[in-house]
Structures are given as C-alpha cells and as structure tokens.
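Notes to accompany the following structure.
Readers should treat all values here as calculations from the given coordinates under stated rules, not as data from a laboratory. Please read all numbers here as calculations on a predicted model, not as lab measurements. Reconstructed Cβ throughout: ideal geometry from the backbone, glycine too, with neighbour counts over all protein chains shown.
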Amino acid sequence: MSWTGDGATDNRRRLDHWLSPGGGTAPNTVDGKAATTLAGPSTLCASETFTATGLPTGATVSWSVSGTYTIVGSSTANPVTVQPTASGNGVLTATITSSCGSFEVTKPLSGISLEISPTPSSTCGSATVSVDAGAGTYSWTVTGDLSINGGGQTLVTSSNTIQVDGVEGGNISVTITGACASTVNLGEYYSPYGAGDGTIGSYNSFPMLPGDPLTAYIQDFAGEAAVVEYHWYLNGNLVLAGPSQEYNSNIDGGAWALQCDMNTLQVEAMLDCGETVSVGELPFERMCFLFRVYPNPANETLTVSVGDDGAGQAQRKARPAAFTAILYDHAGTEHRKGESKDGTAVQFNTTGLPEGTYFVHIHKDGEVEKRQVVIRH
C-alpha cells in the first residue's frame, strides 16, 4: 500500500483514495458510502416531508423536532412529515441507529418571511415584495409614504406578490390565511434610501471657536447611488447645492449662517426619480463667548469654564485672572453663586433645583456675560 498504490488498479491500496481532502476518490466515509443527509426544505409554511438519505445498511431512523414544529404521523418512518404550529424557528433531528452505533443528523428550520427586492423603475423606491407561500388570502398593509401597486396602503388579494413604492419608507405587513398550517403575520420595515439615517461627519473639534470654518462630509448614506445632488442647510439656510459630499463654510460660503451656541447642519438629497429625501444632520456647538456653560440641559451639575477645552493658544491667552458666576431662575432669584480665582471653572450642584429655565450671569473684568440654561432631571 502507498499514496498512489504503486499503479495498482484496486483503489483500496491507494492512500490518497482515503486521505486526500481534494484528490481522493472516496465520497465521505472510509467504506465509500455518501454521508447521511436530511433532504427537504429549510423554510416551512405548511406540512413538508423530509427524508434521511445515505443511510447505512440496515439502519433505522428516529425523528424529533424542536421549536414551532411538530411531527405528523410516525416519528420512525422515513420519510417523515413535519408541520409548523406557528411561524418560527426550530431544528429537525434524525437519530440514526445501525450495527455500528448511533449518531444524529440535524437540519435547521425556519418560517417564511417577506422578501423585498428593489426593482429598477422611474418610480421612487420601487420594490417587489413576495412571500414563499401557496394559494390563500393575503391581506397587505403599508405605512409611511409607501403605496401598494401604485394605489392605496391596503390590499386583500390572492397574490403572494405586490409592488411597493415610496421615498421615506414605512412598514410592510401581511396576514396570510389558508396558505399555511395556521394564520401567519409577517412584517418588515422598508426604507429604500435610508432617509434620515445617513451619517454626517466633521473635521472640526467641537465646540467650534470663533473664526473657525465649519467642515463636514457625508460619511454614510444608503441612497447614494440614486443621488443627483445634495442640498446643505446651515440652521435652515441653504448654503450649498451640488454633487459634492463635503462642505466647508469658508470655501463654499455660508459662514454668515453660523450662530452662537447650538447649530444644526442638515443635508438633503435630490434623487434621480425627482424626489428629495433627508440624508441626516449634524448638531454642533459653536462658541462666541469666552465661557462655556455645560451640560445644557443640566441634571446634577452645571459647569462654567473658560472655553479652552482643546481650543488652542489664542483662547488660553484670553483667560481672565478670575471670574464670578451666579445662577438665577426666571424670576430673578439667585440660587447658586461661585467664584473662580484662578480663572478656570465654577461648578454648581443642580440636583435639588426644580426643573425649568435658568440664567447664568458671568462677571469678569467689569463685564457681564449672560447665558440661558435648562435644568432637567
């Protein structure tokens, strides 16, 4: 016996017949028999039959099933009949017993599901929705701005396939009766372009300092392939329209739209089907003052500090030697007061303060800087 059998015609004398993963001639086992497998569908809606194939000579089969499935009739017959009791997952197990002993072969089972396949069309967000089930009654419903077969949002039909279209997207659901072993309810969320779920990134460190340009880019957007141009809005003002996925307030314009404190950059996409959808937004803070007051809203603590958190040398040079911060409510009643003699920070404990709007007065060098904050627990 050798690797190639020394030219022998009897393959049993060839080691590669038994051992070579890719070049051997034995199917799966040392006796030349194919491995035992379970033949049958993996997805069930109604009763289906399964057969254990490649059994050893004289072997018997005992079947069991878990999850939302049950065996109909004999659990020792081959083939066996399995029926779903509800839409769900399970495992079919065949225990094989022969003169050599026993072993198990398993097959995962799952219920039917909605299949959503986008289809090329001049209609926005067009997709084919289908269910792998037979004759029955299908009660379809869609929400959001989706429509069924170019019409309304509900349809009762014998068809297991519909056409949907829309821009923003919504839920697609169907109740199936008569086609499966029991009534089946299925649902999926369909957003053809990922409207509003895009990610807007920035090269800035926030909070921004006065004079810094706003730089932003579209990091991720599912509907990118269908975009004709992007519209960039800074605090509600259109500052850029075109194919560019990046924005710079100094290069593209729009620095005039920057505000103090909180800002919002919003991006919309004009699609090749003529509609416009939201890509996403980037909220950010921009400092126009020497001081930061944060967090806003505040819960347990409120901090007033010189805004040099990563701001750089220019801002640090402006730090005053000392400042005083006073917290007032809307009626002008003083609730907290603190002094920073080294000009770094004042922190207030706001745990016991009622929720509402307050005002911080920051006294420095004979001037007063006023900021509005919210306490929220």
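With an 8 Å Cα cut-off and a minimum separation of 6 or more residues, compute the relative contact order for the chain in percent.
Reported relative contact order: 8 percent.
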**Message:** What is the sum of charges, Lys and Arg at +1 and Asp and Glu at -1, for the other residues whose Cβ falls under 14 Å from the Cβ of residue 297?
**Reply:** -2
**Request:** Report the residues of the range 149-182 in range of a label on residue 119: point 7 Å along Cα→C-beta, backbone N strictly under 13 Å from it.
**Result:** 149-151, 160-166
**Request:** Could you point to the residue in 177, 73, 347 farthest towards the positive end of the chain's charge dipole, with +1 and -1 charges on the Cβ of Lys/Arg and Asp/Glu respectively?
**Result:** 73
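Between beta-carbons, use under 12 Å as the cut-off and find the net charge around residue 216, counting Lys and Arg +1, Asp and Glu -1.
Once all neighbours under 12 Å are counted, the net charge is -3.
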**Request:** For the range 199-286, build the convex hull from the C-alpha positions and give me its volume per residue in Å³.
**Result:** 79 Å³
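What is the dipole size for the range 75-213, taken about its Cα centre, with +1 at each Lys and Arg Cβ and -1 at each Asp and Glu Cβ, in debye to the nearest 20?
Charge dipole, the range 75-213, about its Cα centre: 460 debye, nearest 20.
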**Asked** Put +1 on the Cβ of every Lys and Arg and -1 on every Asp and Glu Cβ in the chain; which of 361, 301, 328 then has its Cα farthest towards the positive end of the dipole?
**Response** 301
**Fill in**
Checked against the positive end of the charge dipole of the chain (+1 on Cβ of Lys and Arg, -1 on Cβ of Asp and Glu, about the Cα centre), the farthest of 61, 46, 136 is 61
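Number of Lys pairs in the chain with C-alpha atoms less than 22 angstrom apart, excluding same-chain neighbours closer than eight positions?
The number of close lysine pairs in the chain is 8.
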**Message:** Quick check: residue separation of residue 334 and residue 322 times 0.36 nm, minus the Cα distance between them. What number comes out in nm?
**Reply:** 2.3 nm
**Complete:** Applying a 4.7 angstrom Cβ cut-off across the chain, unpaired cysteine residues come out as 100
**Asked** Between residue 222 and residue 77, how many nm apart are label points set 7 Å from Cα along the C-beta direction?
**Response** 4.6 nm
**Prompt:** Can you give the FRET efficiency for residue 132 and residue 229, using 1/(1 + (r/R0)^6), R0 = 45 Å, r = Cβ-Cβ distance, to the nearest 0.05?
**Reply:** 0.70
